[in-house]
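> Got a structure here, written out as structure tokens. Questions coming.
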Amino acid sequence: MSKYLVIWPKSSNVMHINYHYTQFGEYVDYLNKKFPNQILALDLDIEDTDLNKYIENNQIKKIAMQINYENSKNAFDIIKSLKSNYDIPIMAYGCIPRMFPELFIDSNIDMIINNGDDEVCIESFFENYKNLESVSEFKNKIKGGRIIKDKNFIDTSSGEFLDGSEWGYSKEELVPIKEYDKIKGKNRYVLNISRGCPFGCSHCLIQITEGNIERRRTIQNIDNAITDISDKYKHIKIWAANFTLNKKYVDSFCNMMITKHPDVTWECATRVELVRDIDMLHKMHLAGCTQISLGIESLNNKELIQTKDFKNDEIDTAIKNIQQNEMKVKGCVMLGMPNQTKDNIIQTLSFLKERNVIVRPTIYTPYQMLDKHINVEDLSKYNRKTLKNDNVKGVTSEQLLQLVKSPYDYDKILGTRDTKDDIEIS
Ligand code: SF4
């Protein structure tokens, strides 16, 4: 029987393993249910495979390829190579085709995603795409795609969003999740439970790739996933931009974890202003939550990110609320924002260190500033762990990268503050 292949091209610099769970394993599982015994998945960050032999040995009928910043250079090389050797229709999904469709015009690829959920578009492509000569016959059966013909885009029907009961979850028999865990050095399962974010921070990719309306995986679907994997995993990383945005959902989730999975622990992420409800935090602790990540970014966000104008005392209270309910706090911090100063970075990191917050820094990466003229080689440099950023006066890009690795060593890396103004906590 001929097969459909989903490929994750090899990343150039840093692998973002969590996305292999969410944007690869979860999609492959969904597609596997729609096309039983016909879906193959190839993760080239993990598997060193001769793609030509693989294609020939497996009678591949169509290909869907995930393309993000890290793997874009290799993805375009693969498209070129495959298209020169085989007449197999290929489509691209992920953030690059959504953000930079023009890059694909000369690539010989057959279709890219335009809107809606990735899996819906891939499913309709596998099901309906024929060939460019008959495009008018099938284009309206494809959801959320852009067919490329004679260097022009032909838009298909609009994309659709899946109901949260239909989202897939990563399975060992379909994608190499054990290898993902080895790379991370952690035995924990990643499960995406929300898509879309209403806050619209300009630097963030989520609104572009998932939209600004939040959608969630159903509690029953989560229960099924955890039941399936809980003999192998006892800790779950809940992947959601703002887990506590919907308190009713959090309550239902906690009830399910307490009654069905009392031996499974979990962690989540949310915003500073969404952890004021002490009863909710207490219940999360009882339901197995061990850690909450907060998008703090910096102590003077007012000058930096309009959508995260938290007061310092609000950040302080959020940290205390979580810690008093016996959960750890991870603080997500952004380095290299325009107008950020060396003193502010030191203040932010020392403030978090004094409070025993685990710090996870990333480099400010202005995806929103990129335009269609960017070339593929430069896309691969846009990585929040490795981008060279010279925005902070008196701090080199190398020092920022050292801070990403060792945020608690800010005094060794940056020295002392230039001013002695205290941090205001009312
Ligand atoms: S709140 Fe977080 S996920 Fe939402 S847009 Fe802002 S940075 Fe992105």
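Here, each number is a calculation from the coordinates, and none is a lab measurement. Please read all numbers here as calculations on a predicted model, not as lab measurements. Here Cβ is always computed from backbone atoms with ideal geometry, including for glycine, and neighbour counts include all displayed protein chains.
> Tell me, how many Å apart are the Cα centres for the stretch 245-283 and for the stretch 1-76?
Each part reduced to its Cα centre gives a spacing of 33 Å.
> Now for a separate question. Just grab the label-to-label distance for C332 and K248, each label 7 Å out from Cα along the Cβ direction, in nm (one decimal).
Those two pseudo-labels are separated by 2.6 nm.
> Could you list K372, K3 so that the one with the fewest beta carbons within 10 Å of its beta carbon is first and the one with the most is last?
On the way: K372 9, K3 16.
Ranked by crowding around the Cβ, least crowded first: K372, K3.
> Applying 1/(1 + (r/R0)^6) with R0 = 22 Å to the Cβ-Cβ distance of S157 and K3, what FRET efficiency is obtained, to the nearest 0.05? Intermediate results must be reported in sequence, preceding the final value.
On the way: r = 26 Å, r/R0 = 1.16.
Working from the Cβ atoms, E equals 0.30.
> Show that you can apply the helix-only estimate: for the chain, add -39,500 (n - 2.57) for every DSSP H stretch of four or more residues, divide by all residues, and state [θ] at 222 nm to the nearest 500.
On the way: 18 runs with 149 residues, N = 426.
Per the formula, -9500 deg cm²/dmol.
> Have a look at the DSSP beta bridges in the chain and tell me what percent are antiparallel, nearest 5.
Values: 9 of 50 bridges.
The antiparallel fraction comes to roughly 20 percent.
> Tell me, what is the FRET efficiency for N58 and E273 to the nearest 0.05, using R0 = 56 angstrom and their Cβ-Cβ distance as r?
It comes out at approximately 0.65.
> Could you let me know the centre-to-centre spacing of the stretch 139-215 and the stretch 79-103, using Cα atoms, in angstrom?
That distance is 17 Å.
> Between S230 and N339, what FRET efficiency comes out of the Förster formula 1/(1 + (r/R0)^6) with R0 = 60 Å and r the beta carbon distance, rounded to 0.05?
So the FRET efficiency works out to roughly 0.80.
> Give a residue-ordered list of calculated ³J(HN,Hα) values for the stretch 281-295 (Karplus: 6.51 cos²θ - 1.76 cosθ + 1.60, θ = phi - 60°; whole Hz; x for Gly, Pro).
Once θ is set to phi - 60°, the couplings for the stretch 281-295 become 5, 4, 5, 4, 4, 4, 8, x, 6, 10, 7, 10, 8, 10, x Hz.
> While we're here: Could you give the C-alpha radius of gyration of the chain expressed as a fraction of 2.2 N^0.38 Å, taking N as the number of residues it contains?
Dividing the Cα radius of gyration by 2.2 N^0.38 Å gives 1.02.
> Figure the gain on full extension for Q368 and D409 (residue separation times 0.36 nm, minus the Cα-Cα span) and round it to one decimal in nm.
Here the segment from Q368 to D409 would lengthen by 11.7 nm.
> Tell me, what does the Kirkwood hydrodynamic radius of the stretch 3-155 come to in angstroms if you use every pair of distinct C-alpha atoms?
After inverting the mean inverse Cα-Cα distance, the result is 15.4 Å.
> Here's a follow-up. With a 10 Å Cβ neighbour count serving as the proxy for reagent exposure, in which order, fewest first, do E314, E133 appear?
The fewest-first ordering by Cβ neighbours comes to E133, E314.
> Quick one: length gained pulling D77 to Q323 fully straight, 0.36 nm per residue minus the C-alpha distance?
83.8 nm
> Can you list the residues, at least 5 places off or on another chain, whose amide H is less than 5 Å from the amide H of A92, using H built in the peptide plane?
Excluding prolines and chain starts, which carry no amide H, the hits are M65, M111, I112, I113.
> Say the dipole of the chain comes from +1 at the beta carbon of Lys and Arg and -1 at that of Asp and Glu; which of I219, M99, S124 then lies farthest toward its positive end?
Positive-most Cα among the choices belongs to I219.
> If you scale each eigenvalue of the Cα gyration tensor by 5 and take the root, what three semi-axes come out for the stretch 251-345, rounded to whole angstrom and sorted largest first?
Over the Cα atoms of the stretch 251-345, the ellipsoid semi-axes are 30, 12, 10 Å.
> Could you tell me whether the stretch 1-68 comes out rounded, prolate or oblate from its Cα gyration tensor? Rule is a ≥ b ≥ c as square roots of the eigenvalues, rounded for a/c under 1.5, then prolate if a/b exceeds b/c, otherwise oblate. Mind dumping the intermediate values first?
Numbers: a/c = 2.59, a/b = 1.28, b/c = 2.03.
Oblate, since a/c reaches 1.5 and b/c is not below a/b.
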